[in-house]
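Every number in this text was worked out from the coordinates using simple rules, so none of it is lab data. As the structure is a prediction and not an experimental result, all values here were calculated from the model. When we count neighbours, we look across all protein chains shown, and the Cβ atoms used for this are built from the backbone with ideal geometry, even at glycine.
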Amino acid sequence: MAFLTLSEVRSKARSNKKFGLESRDILEEQFDSFNQYKIYDIFLSHAFLDAEAIDGLRVVLKEAGFSVYVDWYEDSHLERGKVTKETAVVIRKRMQSCKTLIFAITENSEDSRWMLWELGYFDGLKDKVAVLGLIENSGDSFRGQEFLELYPFVERHDLGLVVKDDSTKPAKLLRDWVKS
């Protein structure tokens with residue numbers, strides 16, 4: 001399997017002109033422009049500790065033509081450090097407005113208060129979940145929790161990003177998987 005590396009997506013985030021702005025400026029701009037009726041291709045579930053890498057991954061996905069929901073980018077008013085009913089209501093609404101969920105996993109994912117809840121909710125809601133493992137180096141193998149093998153994985157391929165269900169089925173381009 002060929003996975004995206006953390007250094008690759010962090011580099012993409014650093015080259016993103018907006019990432020150099022003050023975080024508050026970015027968040028206020030995004031909050032002001034958020035459309036609650038917008039349909040997103042991808043809900044990007046992730047650990048907030050990976051914010052820079054996730055910003056780079058968001059850019060990679062946007063450059064590939066996808067609309068991507070990232071909670072702290074679109075809904076800066078949410079309190080990610082606390083699990084509250086109010087935050088859960090907002091996240092549920094946003095997931096209902098997304099076609100798919102990509103579960104971006106790193107070593108920090110275990111510490112996320114929201115990722116497993118998002119995975120379970122979205123899987124039950126739409127059954128359209130894929131796992132994207134972010135690794136340190138291109139030669140590294142990905143080690144996720146065993147239950148993640150229930151889901152297809154997003155991998156790098158010569159044609160771009162693909163979704164691979166299992167070894168018996170051919171991989172689908174991410175674009176085709178999102179549309180199907």
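Structure above, values below:
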{"item": "Under 13 Å, Cβ to Cβ, from residue 91 - net charge with Lys/Arg +1 and Asp/Glu -1", "result": "+1"}
{"item": "For the chain, share of DSSP beta bridges that run antiparallel, in % to the nearest 5", "result": "35"}
{"item": "Formal net charge of residues neighbouring residue 122 (Cβ-Cβ distance under 14 Å; K, R +1; D, E -1)", "result": "+1"}
{"item": "Local net charge near residue 152, Cβ-Cβ under 13 Å (Lys/Arg +1, Asp/Glu -1)", "result": "-3"}
{"item": "The chain - Debye-derived log10 I(q)/I(0), Cα point model, q = 0.08, 0.10, 0.12 Å⁻¹", "result": "-0.23, -0.36, -0.53"}
